[in-house]
């Protein structure tokens with residue numbers, strides 16, 4: 001995939017995304033780590049597990065503007081979001097789900113899942129920003 005014949009990737013963003021993907025697919029570990037993108041659990045501490053570490057991607061050459069993608073496959077809906085959930089990693093290619101702001105004002109969780117996905121070559125990304133871990137329904 002992504003013209004990478006040996007399916008390898010020499011990219012620090014890809015390395016961090018591998019950790020995030022493992023965390024999202026695994027049960028929480030009882031270890032204590034720094035508050036960095038690659039800490040060993042999702043959430044404020046390891047006693048309560050979330051299912052998503054939301055990310056914001058910045059592409060090279062796009063200045064200080066985060067990547068934004070449509071929240072729907074419906075072309076008549078033009079709303080975009082710059083918050084994503086990593087769903088798959090294949091070498092230097094990442095498939096992400098677009099997360100939309102949660103419209104339920106009574107919810108304590110800030111995002112809701114969408115049916116909008118995209119794949120990006122991580123060689124085009126120069127900044128990865130991790131947001132607070134959260135729970136997203138319908139994942």
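The values are calculated or read from the model by the stated rules, or taken from the named source; none is laboratory data. Computed from a prediction, not measured in an experiment: that's the story for all the values here. Neighbour counts run over all protein chains shown; Cβ positions are idealised from the backbone, glycine included.
Just to be sure before I move on: is residue 80 surrounded by fewer than 16 Cβ atoms within 10 Å (Cβ to Cβ), closer than 19 Å to residue 125 by Cβ and at pLDDT 95 or above in the structure I sent?
Considered against the rule, which asks whether it is surrounded by fewer than 16 Cβ atoms within 10 Å (Cβ to Cβ), closer than 19 Å to residue 125 by Cβ and at pLDDT 95 or above, residue 80 comes out as yes.
Do you know which residues across the range 126-139 are touching a residue at least 60 places away in the same chain (Cβ under 8 Å) and either at positive phi or within 13 Å of the chain's Cα centre (by Cα) (or both)?
Matches in the range 126-139: 127, 128, 129, 130, 131, 132, 133, 134, 135, 136, 139.
Identify all residues within the range 51-100 that are in a strand (DSSP E or B) and touching a helix residue (DSSP H, G or I) at 6+ places or on another chain (Cβ under 9 Å); write none if there are none.
Listed by number, the residues that qualify are 52, 55, 57, 59, 85, 86, 87, 88, 89, 93, 94.
Surrounded by fewer than 15 Cβ atoms within 10 Å (Cβ to Cβ) and more than 21 Å from residue 13 (Cβ to Cβ), is that true of residue 136?
Here the answer is no, as residue 136 does not meet what is asked.
Test residue 33 against the criterion of being farther than 16 Å from residue 122 by Cα, buried (at least 16 other Cβ atoms within 10 Å of the Cβ) and modelled with pLDDT under 95, and give yes or no.
Spelling it out, it is not the case that residue 33 is farther than 16 Å from residue 122 by Cα, buried (at least 16 other Cβ atoms within 10 Å of the Cβ) and modelled with pLDDT under 95.
Can you find a residue that is touching a strand residue (DSSP E or B) at 6+ places or on another chain (Cβ under 8 Å), crowded, with 16+ Cβ neighbours inside 10 Å and in a strand (DSSP E or B) anywhere in the range 101-109?
no
Here are the criteria: (1) over 21 Å from residue 17 (Cα atoms); (2) surrounded by 14 or more Cβ atoms within 10 Å (Cβ to Cβ). Tell me which single one residue 73 does not satisfy.
That leaves (2) as the condition not met.
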